[in-house]
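Student: One structure, pasted below without further comment.
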Amino acid sequence: MSARHPAVAGMFYPEEEDKLTQFARYAIDSSPNMGEKPSIIISPHAGFVYSGYTAGYAFRQLQNLDSDREYKVLIMGPSHRVYLDSAALSPDDSFETPIGSIKVDTDESQRLANKFSSIISSAIPHKLEHSLEVQLPFLQLALKNFSIVPLVYGNIADEELFKILEEFLLDDSRIVIISSDLSHYYPQKEAIAIDSYCIKGVEGLDLEAMAVCQACGKPAISAAIKYALKHNLKSKTLDYKTSGDTTGDKDSVVGYGSFMFYKEGQ
């Protein structure tokens, strides 16, 4: 049995289980419940002091899912450390966090890898990647019964990621977490203006607006919009902030947003 161990515990979030649990639990429980069961959520991936409360908005909605069901969770995030011309699933059997071990659905990962030539299986892009890791403590507290399908991607078209979503989201026991920050290192007012296109893109299912969006997870967000358009999902912005809102330094900020896609009345 192989395990992927935390790479950014103690840097992006507390490495002590009690402190991590306390932060993530508060971030989730203090967020508003929109009363819908999401099929896809979008959550930021910066250090918790910057984006953790915004992430809590997204994971709060997962608590509307059926507590007695077991879920498969596809977590998609951009690769920051390793250049990829494709997407990479992890061959590890589990992902570890200070809170505990999370089972990887290796059968589902293999099924997707067999289906798509754009997907490889490699532990290397996952070893130091933070975009998926920072989602995991929130997921552990928001859902009881689940396994994950961890996927990082590089230079891949949103159309290919859309096809992966189509193949994965076969029923209501499957959900997707898209990991993405928004604009990077603009002055506050400029960042808000640029990020408004990301928000418009998600809320209006508007791919033209997404062309101006500068999110690092833009391919996956655009894929989610395409999926929502085809399957008649609704969308909602849950929270938006910048790092300047936390630090007070508004000369060079990063934008953070939480969003969800859902079937109305599900």
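The values are calculated or read from the model by the stated rules, or taken from the named source; none is laboratory data. All of these numbers come straight from a predicted model, not from anything done at the bench. Every residue, glycine among them, receives a Cβ derived from its backbone with ideal geometry; neighbour counts consider all protein chains shown.
Student: Among the residues of segment 1-25 satisfying the criterion of being hydrophobic (A, V, I, L, M, F, W, C) and farther than 11 Å from THR97 by Cα, which is modelled with the lowest pLDDT?
Tutor: MET1
Student: So, one more: Restricting attention to segment 220-258, and to residues there that are out of contact with any Gly (no Cβ under 7 Å at 6 or more places or on another chain) and aromatic (Phe, Trp, Tyr), which single residue is nearest to ILE199 (Cα to Cα)?
Tutor: Here the answer is TYR256.
Student: Does SER79 satisfy the criteria of being hydroxyl-bearing (Ser, Thr, Tyr) and at pLDDT 95 or above?
Tutor: yes
Student: Still on this structure, please answer the following. Just to be sure before I move on: is ILE199 among the β-branched types (Val, Ile, Thr), in contact (Cβ under 8 Å) with a residue 12 or more places away in the chain and not in a strand (DSSP E or B) in the structure I sent?
Tutor: yes
Student: Which residue out of LYS103, LYS189 is at pLDDT 95 or above and part of a strand (DSSP E or B)?
Tutor: Answer to the selection: LYS103.
Yes or no, residue by residue, for (1) in contact with a strand residue (DSSP E or B) (Cβ under 9 Å, 6 or more places away or on another chain); (2) buried (at least 20 other Cβ atoms within 10 Å of the Cβ):
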site: CYS216; (1), (2): yes, yes
site: SER222; (1), (2): no, yes
site: ILE225; (1), (2): yes, yes
site: LYS230; (1), (2): no, no
site: LYS236; (1), (2): yes, no
site: ASP251; (1), (2): no, no
site: VAL254; (1), (2): yes, yes
site: GLY265; (1), (2): no, no
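Student: Only residues that are surrounded by 17 or more Cβ atoms within 10 Å (Cβ to Cβ) and touching a residue at least 24 places away in the same chain (Cβ under 8 Å): list them for segment 100-112, please.
Tutor: ILE102, VAL104, ASP105, GLU108, SER109, LEU112
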